[in-house]
Ligand SMILES: C[S@@+](CC[C@H](N)C(=O)[O-])C[C@H]1O[C@@H](n2cnc3c(N)ncnc32)[C@H](O)[C@@H]1O
């Protein structure tokens with residue numbers, strides 16, 4: 001009988017996400033990892049060192065930087081786009097709990113990655129605070145609005161595929177999820193592999209952003225359902241509404257800062273932190 005073909009299992013062709021699970025669950029000291037987020041994170045890092053299989057997690061340095069944002073802002077809810085095997089959810093879910101927060105919502109497209117993450121989050125004892133939502137981020141964000149799961153973003157980690165950073169920001173600009181003086185967006189990998197379109201947008205003036213929208217082919221007065229109309233359509237359960245590529249709102253004003261981190265190979269990556277200031 002021919003083997004069934006499953007086009008995508010994990011994010012890596014060698015299924016290292018599944019090897020990671022075997023590695024962790026074969027550890028002789030597994031019981032010492034239970035309800036111990038730091039120990040689970042240490043073992044995820046050890047897996048890469050021991051096997052030479054790199055995992056695209058935020059890792060300890062960027063994890064500490066992001067945890068500091070949570071300690072400073074003390075959000076009730078954190079949303080992350082791109083959960084992978086749960087490293088950032090464990091790191092930041094733990095930081096959120098330590099700072100009085102209640103919900104860490106992790107959005108992950110790939111169900112196999114989500115299954116791995118769920119087991120590791122459970123092992124770390126964070127089941128009560130971290131939930132994983134399996135779908136493309138734009139769909140889950142719209143569902144959150146429809147079901148009143150969130151009415152604004154407090155702290156968000158953007159760490160999914162880099163070409164989705166900007167369309168998802170545009171969606172949030174339209175859905176009223178950005179709250180001046182409150183919302184902080186931390187976008188990983190802005191230098192490597194890089195998210196140039198996202199950086200260009202959050203650094204542009206409103207005139208420059210209007211010009212960018214034209215460049216992206218959004219003609220003025222085009223028929224996209226935007227802003228409050230889009231929120232209404234989502235709440236009414238309309239299914240044919242465009243979510244994946246909604247033109248951004250050029251009037252949002254952002255303050256931004258890039259923090260650089262040295263990677264294992266000596267090259268640099270950066271997290272762009274954007275604070276929502278208001279609207280022009
Ligand atoms: C860089 S990894 C995330 C790493 C994770 N934040 C960590 O530090 O452990 C990117 C993840 O984003 C997921 N992803 C990519 N595009 C997505 C989308 N549109 N919605 C949700 N998840 C997405 C991929 O399946 C992958 O697991």
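Being in a helix (DSSP H, G or I) and within 13 Å of the ligand (Cβ to nearest atom) is the filter here; which residues of the stretch 119-143 pass it?
Of everything in the stretch 119-143, those that are in a helix (DSSP H, G or I) and within 13 Å of the ligand (Cβ to nearest atom) turn out to be 120, 121, 137, 138, 139, 140, 141, 142, 143.
Which of (1) more than 6 Å from the ligand (Cβ to nearest atom); (2) surrounded by fewer than 21 Cβ atoms within 10 Å (Cβ to Cβ); (3) on the phi < 0 side of the Ramachandran plot is the odd one out, the single condition residue 110 does not satisfy?
Unmet for residue 110, out of (1) more than 6 Å from the ligand (Cβ to nearest atom); (2) surrounded by fewer than 21 Cβ atoms within 10 Å (Cβ to Cβ); (3) on the phi < 0 side of the Ramachandran plot: (1).
So, of the residues in the stretch 144-165 that are within 10 Å of the ligand (Cβ to nearest atom) and farther than 21 Å from residue 69 by Cα, which turns out to be surrounded by the fewest Cβ atoms within 10 Å (Cβ to Cβ)?
Step by step, filter the stretch 144-165, then rank; the result is 163.
Looking at the stretch 53-72, which of the residues that are in contact with a strand residue (DSSP E or B) (Cβ under 7 Å, 6 or more places away or on another chain) and crowded, with 17+ Cβ neighbours inside 10 Å is nearest to residue 261 (Cα to Cα)?
Among them, the one singled out is 62.
Please enumerate the residues belonging to the stretch 242-264 that are farther than 15 Å from residue 170 by Cα, modelled with pLDDT under 95 and surrounded by 11 or more Cβ atoms within 10 Å (Cβ to Cβ).
Matches in the stretch 242-264: 263 only.
Quick one: is residue 87 surrounded by 17 or more Cβ atoms within 10 Å (Cβ to Cβ) and within 14 Å of the ligand (Cβ to nearest atom)?
So residue 87 passes the test.
Which members of the stretch 57-84 meet the condition of being within 13 Å of the ligand (Cβ to nearest atom) and either in a helix (DSSP H, G or I) or modelled with pLDDT under 95 (or both)?
59, 60, 61, 62, 63, 64, 65, 66, 67, listed by residue number.
Which condition does residue 125 not pass, out of (1) at positive phi; (2) surrounded by 24 or more Cβ atoms within 10 Å (Cβ to Cβ), if it passes all the others?
The number of the failed condition is (2).
Counting only residues that are part of a helix (DSSP H, G or I), under 24 Å from residue 159 (Cβ atoms) and more than 16 Å from the ligand (Cβ to nearest atom), how many does the stretch 177-227 have?
Matching residues across the stretch 177-227 total 8.
For residues that are touching a residue at least 40 places away in the same chain (Cβ under 8 Å) and part of a loop (DSSP other than H, G, I, E, B), scanning just the stretch 27-52, find the one that is surrounded by the most Cβ atoms within 10 Å (Cβ to Cβ).
Taking the candidates together, the pick is 36.
The values are calculated or read from the model by the stated rules, or taken from the named source; none is laboratory data. Since this is a predicted model, take the numbers as computed values, not measurements. Note that each Cβ is placed from the backbone with ideal geometry, even for glycine, and that neighbours are counted across all protein chains shown.
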